[in-house]
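The structure appears right after this line, and notes come after that.
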Amino acid sequence: MKMHFARVLMIVASVCTMAGCANLRVGDGRDGFVSLAEAVPDAILEIRYYSTYNFVGSRIDGYEQPCALLSKEAAAALKAASDEAVRRGYRLKIYDAYRPQRAVAHFMRWAKDANDTRMKYCFYPNLDKSVLFERGYIAEKSGHSRGSTVDLTLFDMKTGKEVDMGGTFDWFGVESHPDYKGVTEKQYANRMLLREIMTSHGFKPLAEEWWHFTLADEPYPDICFDISVREEGRVKREEGKGKREE
């Protein structure tokens, strides 16, 4: 049978012991998660943690393919947001969605290595790495691991470029706060346009990051997953070297 949605491979979802992710969920995630390439076909994917262009400077643990996964409920809401964006002349551009717990652990290990500052000039030039924990830029838990949070921006179909938000994704600083007043009026309006589109379709924003939105009625509010970011259908096609997938 052909799949209508790409599926997650790994068979274990692990417990996140911190507050807000206290329960253990065992399963392969196939019934709970979908690929955004399938569920939100108009979205552009630029999965930063699969690449080396991120604040760590290397591919992050758990990102096995350059794809994005979300819970079915969050993906359906994102599809509605995408449809509205398209009607307004934009497309959604996704930087990150579901994030495995092992990726969060990777961030923690990196943050404790004071000597690894290779990407400082791109993402935190005005901060000493030692303050990233205390200021909340790196933490032991992430809402992304619950499967209903997405990091994104807008892509202008007329100009063929990302909309100017007055700052880059994953910039560590107050400049990333959605209501930061140091940006231009147009940049602020762009941030508010993204917020309007997302909140009108059931997502809630984060006060510290203009790109970060979580489904308000998320289906797994107390569970952190650790399934790898990859697509089962894609793996089968690669293994079959182009053979028809039954």
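Taken together, the values in this text are just the output of simple stated rules run on the coordinates, not laboratory data. The model shown is predicted, which means the values in this text are computed figures rather than measured ones. Counting neighbours? That spans all protein chains shown, and the Cβs are built from the backbone with ideal geometry, glycine included.
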So the number of lysine pairs in the stretch 33-219 with alpha-carbon atoms under 15 angstrom apart, 8 or more residues apart or on different chains, is 6
Can you tell which of Y53, F33, Y90 lies farthest toward the positive end of the dipole of the stretch 27-138, using +1 and -1 charges on the Cβ of basic and acidic side chains (Lys, Arg; Asp, Glu)?
Y53
Bounding extents of the stretch 33-219 in its principal axis frame from Cα atoms, largest first in Å, are 47, 38, 29
Going residue by residue through the stretch 59-76, the Karplus relation 6.51 cos²θ - 1.76 cosθ + 1.60 with θ = phi - 60° gives ³J(HN,Hα) values, rounded to whole Hz and with x marking Gly or Pro, of 5, 8, 3, x, 8, 8, 9, x, 10, 9, 10, 9, 4, 4, 5, 5, 5, 5
Could you list S176, S145, S130, S228 in order of exposure, starting from the residue whose Cβ has the fewest other Cβ atoms within 10 Å?
S130, S228, S176, S145
